[in-house]
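Engineer: Please read through the structure below; I'll follow up with questions.
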Amino acid sequence: MGFKVVNVFALPEADFGDELLDPFGVTLVKGMWMTEEEIIAQAQDADAVIGVVSIQPFNRRLLAALSRCRVIAGIGIGYDRTDLEAATEMGIAVTNVPDYCLDEVSGRAITFMLALGHRLVQIDRAVRERRIVFTVDKKALDEIAYPMFRMRDQTLGVVGFGKIGTVTALKARGLGMHVIAYDPYVLRPVMESRGVTPVDFDTLLRESDFVTIHTPLTSETRNMFGYEQFKKMKRTAYFINTARGGCVDQEGLIRALREGLITGAGIDVTVDEPIAPDNELLTMTNVMLTGHSAWYSVTSEADLYRRPMTQVVQALRGELPAYTVNTEVKTKWMTRWGKKA
């Protein structure tokens, strides 16, 4: 019996690298199925499934129905809605694209930082409204942009020192900034080798002029930023989130902004996406919103859709996929699916 691969998030305009399956004589099924029932109906006899594991519900019930599945190849970095424990029990490798959009997301975090720190939105609006009409109008600038500081005199606090957090820190170091970081899973020498000072979470909140978050959404990181955390930050500080909306208590953020506990925020991701039209963040002039677009570029889009197929190919060859996130599955997976000598 030949292999069956099901792509449950097959955008018609995207190149998923289907030709990589040609040597395997695979039956390929493609469509857009979002519910448990739809995915089960299409993929219950699949050897491999491609989907967005941070959006589509790959829970225990769904995974149990995939009787032949050896890999769920995730589109993107996150895997918020996938039950990794259940997948491991069932001998299913779950993969992501860990090195996808590193430059794009870190670049967006730095862009937020520069735009917020230099009050570009406020100044742009003032110029358009003719409130600034002369380049040395210090009084107008004081009213619109005060206080503004040199970037090399500022401290960036990075929460989550994985791939994107590391690249963001290195870019900030290139601007001459002092960079501190908090990540309980990264050794101090690793951070120090990048010119970054490791600190505890409270110290980071207290000392940072900008705080940028680069963690996955887990039980540990859900709502890790709330009103109490914003109270500990400088009143001149900015908060940047290009990670996951669920890492932030949104009401706590709105309250902190409303009360002036922090000066502003750059938000790419929100709890509800798309953001609700009555969300108060939309009315705040000290908040920049970019609608979960930080990943986007011509290059990153190609990586996003083609990379999962390389993981499928490895699995069909009897090789544990290189980007497996539930690494505990290795022994069970190799016993069941591994290439035989």
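Every number in this text was worked out from the coordinates using simple rules, so none of it is lab data. Fair warning: this is a prediction, and the values are worked out from it, not measured in the lab. We place every Cβ from the backbone using ideal geometry, glycine too, and count neighbours over all the protein chains shown.
Engineer: Distance between Cα centroids, the range 247-300 to the range 99-129: provide it in whole Å.
Structural biologist: Their Cα centres are 13 Å away from one another.
Engineer: Rounded to the nearest 500 deg cm²/dmol, what is the calculated helix-only ellipticity per residue at 222 nm for the chain, with -39500 (n - 2.57) per DSSP H run of length n ≥ 4?
Structural biologist: On the way: 13 runs with 119 residues, N = 341.
Mean residue ellipticity, 222 nm, calculated: -10000 deg cm²/dmol.
Engineer: What do you get for Rg/Rh over the range 208-248 if you use C-alpha atoms and the Kirkwood form of Rh? Please report the intermediate quantities before stating the final value.
Structural biologist: Numbers: Rg = 10.2 Å, Rh = 10.6 Å.
Rounded to two decimals, Rg over Rh is 0.96.
Engineer: Moving on. In a GNM of the chain with a 10 Å cut-off on Cα contacts, which of Met224, Met309, Met233 has the highest mean-square fluctuation?
Structural biologist: Sorting by GNM fluctuation, first place goes to Met224.
Engineer: May I ask you to work out the translational diffusion coefficient for the range 80-202 at 25 °C, viscosity 0.890 mPa s, via Stokes-Einstein with Rh from the Kirkwood sum over Cα pairs, reported in whole µm²/s? Mind dumping the intermediate values first?
Structural biologist: Details: Rh = 17.5 Å.
Diffusion coefficient, whole number: 141 µm²/s.
Engineer: Whole Å is fine, so just give me how far the alpha carbon centre of the range 148-169 lies from that of the range 17-34.
Structural biologist: 41
Engineer: Over the range 102-289, with a single point scatterer placed on each C-alpha, what log10 of the ratio I(q)/I(0) does the Debye formula yield at q = 0.11, 0.12, 0.17, 0.19 1/Å?
Structural biologist: -0.47, -0.56, -1.09, -1.33
Engineer: Another question about this same structure. In straight Cα distance, which lysines are under 16 Å from Lys4, not counting same-chain residues fewer than 8 positions off?
Structural biologist: Qualifying lysines at Cα under 16 Å: Lys30.
Engineer: I need the GluC sites (Glu not before Pro) found in the range 259-341, filtered to DSSP loop residues with at most 12 other beta carbons within 10 Å of theirs.
Structural biologist: Values: sites: Glu259, Glu280, Glu301, Glu319, Glu328; in loops: Glu259, Glu319.
Filter output for the range 259-341: Glu259.
Engineer: Sticking with this structure for a sec: Which helices, taking whole DSSP H runs in the chain, have alpha carbons extending 15 angstrom or more along the helix axis plus mean Kyte-Doolittle at least -0.5?
Structural biologist: Numbers: long enough: 102-117 (22 Å, 0.91); 163-174 (17 Å, 0.13); 298-316 (29 Å, -0.13).
Passing helices, by number: 102-117, 163-174, 298-316.
Engineer: Can you tally the net charge around Val329? Count Lys and Arg as +1, Asp and Glu as -1, for every other residue whose Cβ sits under 13 Å from the Cβ of Val329. All intermediate terms of the calculation are to be shown ahead of the outcome.
Structural biologist: Numbers: positive: Arg70, Lys330, Lys332, Arg336; negative: Asp83, Glu85, Glu89, Glu328.
Within the 13 Å Cβ shell, the charges total 0.
Engineer: Within the set of other residues whose C-beta is less than 15 Å from the C-beta of Arg194, count the net charge using Lys and Arg as +1 and Asp and Glu as -1.
Structural biologist: Here the charged neighbours net out to +2.
Engineer: Let me ask something else about it. When a footprinting reagent is the concern and you count Cβ atoms within 10 Å, what order do Asp83, Asp303 take, fewest first? Intermediate results must be reported in sequence, preceding the final value.
Structural biologist: On the way: Asp83 20, Asp303 17.
The order, fewest Cβ neighbours first, is Asp303, Asp83.
Engineer: Averaged over every viewing direction, what's the projected area of the C-alpha convex hull for the range 1-147? Give it in nm², one decimal, please. Let's see the in-between values first.
Structural biologist: On the way: hull surface 53.4 nm².
Here the figure is 13.3 nm², rounded to one decimal.
Engineer: How would Phe24, Phe58, Phe16 line up from fewest to most surrounding beta-carbon atoms within 10 angstrom?
Structural biologist: On the way: Phe24 16, Phe58 28, Phe16 24.
Result, fewest neighbours first: Phe24, Phe16, Phe58.
Engineer: What are the chymotrypsin sites (Phe, Trp or Tyr not before Pro) within the range 195-229 that DSSP puts in a loop, where the Cβ has at most 15 other Cβ atoms within 10 Å? Mind showing how you got there, number by number?
Structural biologist: Numbers: sites: Phe201, Phe210, Phe225, Tyr227; in loops: none.
Passing sites in the range 195-229 do not exist.
Engineer: Using the Cα atoms of the range 188-311, I'd like the radius of gyration and the largest Cα-Cα distance, Dmax, both in angstrom.
Structural biologist: 16.1, 49
Engineer: Among Phe112, Phe239, which comes first, then next, by fewest other beta-carbon atoms within 10 Å? Walk me through the intermediate numbers first.
Structural biologist: On the way: Phe112 25, Phe239 29.
Ranked by crowding around the Cβ, least crowded first: Phe112, Phe239.
Engineer: Excluding residues fewer than 8 places away in the same chain, name every one of the aspartates and glutamates whose C-alpha is closer than 12 Å to that of Lys340.
Structural biologist: Answer for Lys340, where 12 Å is the Cα cut-off: Glu319, listed by chain and number.
Engineer: Could you work out, for the range 246-314, what percent of all Cα-Cα pairs fall into each 10 Å distance bin, beginning at 0 Å and stopping at the bin that holds the largest distance?
Structural biologist: 17, 39, 21, 16, 7, 0
Engineer: Quick one: the Cα spread of the chain along its three principal axes, in angstroms, biggest first?
Structural biologist: So the three principal-axis extents are 77, 44, 32 Å.
Engineer: Further question on the same structure: Taking loop as defined by DSSP and a crowding limit of 15 other beta carbons within 10 Å, which chymotrypsin sites (Phe, Trp or Tyr not before Pro) in the range 245-326 fit?
Structural biologist: Details: sites: Trp295, Tyr296, Tyr305, Tyr323; in loops: Trp295, Tyr296, Tyr323.
Those that pass, being in a loop and sparsely packed, are Tyr296.
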